[in-house]
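Here's the structure we're looking at; comments come further down.
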Amino acid sequence: MSGASGPLDPKSADAKSPESRSRRRSGSRQSAASGLLSPDGSLQGAEEWSITERVHREYKAAQRARNRLIRLTQLLILFGSFGLWELAGRLKWIDVLLFSYPSKVFDLIYEKMVNGELWPHIGATVWETFVGFVLGTLAGTALAVIIWWSPFLERVLDPYIVVLNSLPKVALGPLFIVGLGPGYTSIIGMTLAITVIITTLVVYSSFKEVDANYVKVIRVFGGGKRKIFEKVILPASFPTIVSTLKVNVGLAWVGVIVGEFLVSKAGLGYLIIYGFQVFNFTLVIASLLIIAVVAALMYQAVAYLENRLNNRW
């Protein structure tokens, strides 16, 4: 029959020959290797690519393990410290009247939260801190821009900025109370006194550290002061401006608490002073713990905002 191949058919004999089987095995190996080819299509490149991927995976796994170890160590230090503090208080190793102990402090915090006495104080302090933080950052950055824009003004204001930076800000408290009144404005004024000068110095220093060659390029193409700021100074200094947000969070908390020490009738700083006056140091320590927790949350929020802004910029 014409459609069938006999035992002496050359195609059939060739298919069963050792050479044919060897060619098929070689082709199979090449087909299997083709799935591992690197982007440039070479088998050697595929091996290098596989090694690179494996090293990267091992590095990421090591990083995750390291981060877990760091978190575990942090938690051990935290809970170990509280445990030792609790034990020292229970066994009278420390004066409980002065240093209290964690269970007593947390019971007081829970009680004040349940009866609603604590929330207005937290709200007042957080609001004052937020306003002082935002205004201090904006005012300090704006002042840095003005000083950079005018070399004449820079030389005029330089000694005053140095003096204000070295001046103890707490000493200005009575002046703020007399000038702005015993209220929120004097507390925010104290916060601005701490945050504005630091922000101005940090941001202006970042302006001055920009590579002068970039400025020369803009001038060669006919750009003026405004173009230099928009195209060179601001983009180069933006990471520094954003990083000052995290610094200003801590400074704003310092300013608000100091202001509440002096003048406030509400807030966590007020609770610290009140607890000291009535000799209730459990209330003092509870207020300090709340400040630490809220300040840490604000810091993490600002750090998240910093990452978002840097990635988008």
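The values are calculated or read from the model by the stated rules, or taken from the named source; none is laboratory data. These numbers were taken from a predicted model, which means no experiment stands behind them. With ideal geometry, Cβ positions are generated from the backbone for all residues, glycine too; neighbour counts draw on all protein chains shown. These accessible areas exclude ligands, DNA and RNA; they are computed on the full protein's heavy atoms, side chains included. Shrake-Rupley method; radii C 1.70, N 1.55, O 1.52, S 1.80 Å.
Miscellaneous remarks
- Considering residues of the range 280-306 that are in contact (Cβ under 8 Å) with a residue 60 or more places away in the chain and over 25 Å from the mean Cα position of the chain (by Cα) only, the residue surrounded by the most Cβ atoms within 10 Å (Cβ to Cβ): 286
- Scan of the range 167-193 for residues that are without any contact (Cβ under 8 Å) to a residue 40 or more places away in the chain and under 28 Å from the mean Cα position of the chain (by Cα), ordered by number: 168
- Single condition residue 274 does not satisfy, out of (1) of a type outside the set (Gly, Ala, Ser); (2) surrounded by fewer than 14 Cβ atoms within 10 Å (Cβ to Cβ); (3) assigned to a helix (DSSP H, G or I); (4) without any contact (Cβ under 8 Å) to a residue 12 or more places away in the chain: (2)
- Which numbered condition residue 261 misses (of (1) open to solvent by less than 50 Å² (accessible area, probe 1.4 Å); (2) under 21 Å from residue 186 (Cβ atoms)): (1)
- Residue within the range 102-120 that is open to solvent by 50 Å² or more (accessible area, probe 1.4 Å), under 21 Å from the mean Cα position of the chain (by Cα) and within 24 Å of residue 299 (Cβ to Cβ) present: no
- Test for residue 156: is it more than 23 Å from the chain's Cα centre (by Cα), among the hydrophobic types (A, V, I, L, M, F, W, C), over 30 Å from residue 301 (Cα atoms) and in a helix (DSSP H, G or I): yes
Yes/no matrix, rows are residues, columns are (1) assigned to a helix (DSSP H, G or I); (2) among the charged types (D, E, K, R); (3) touching a strand residue (DSSP E or B) at 6+ places or on another chain (Cβ under 6 Å); (4) open to solvent by 70 Å² or more (accessible area, probe 1.4 Å):
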position	(1), (2), (3), (4)
185	yes, no, no, yes
198	yes, no, no, no
206	yes, no, no, no
216	yes, yes, no, yes
222	no, no, no, no
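- The residues in the range 119-171 that are within 28 Å of residue 108 (Cβ to Cβ) and acidic (Asp, Glu) can be counted, and the count is 1.
- Selection from the range 131-142 of residues that are in contact (Cβ under 8 Å) with a residue 24 or more places away in the chain and either open to solvent by 50 Å² or more (accessible area, probe 1.4 Å) or in contact with an Asp or Glu (Cβ under 7 Å, 6 or more places away or on another chain) (or both): 135
- Among residues of the range 75-108, those that are under 17 Å from residue 292 (Cβ atoms), part of a helix (DSSP H, G or I) and either among the basic types (Lys, Arg) or at pLDDT below 90 (or both), counted: 1
- Candidates 242, 196, 210 - the one that is at pLDDT 85 or above and either within 28 Å of the chain's Cα centre (by Cα) or more than 17 Å from residue 138 (Cα to Cα) (or both): 196
- Some residue of the range 143-152 being among the small types (Gly, Ala, Ser) and outside any helix (DSSP H, G or I): yes
- Against the criterion of being of a type in the set (Val, Ile, Thr) and under 16 Å from residue 285 (Cα atoms), residue 77 does not qualify.
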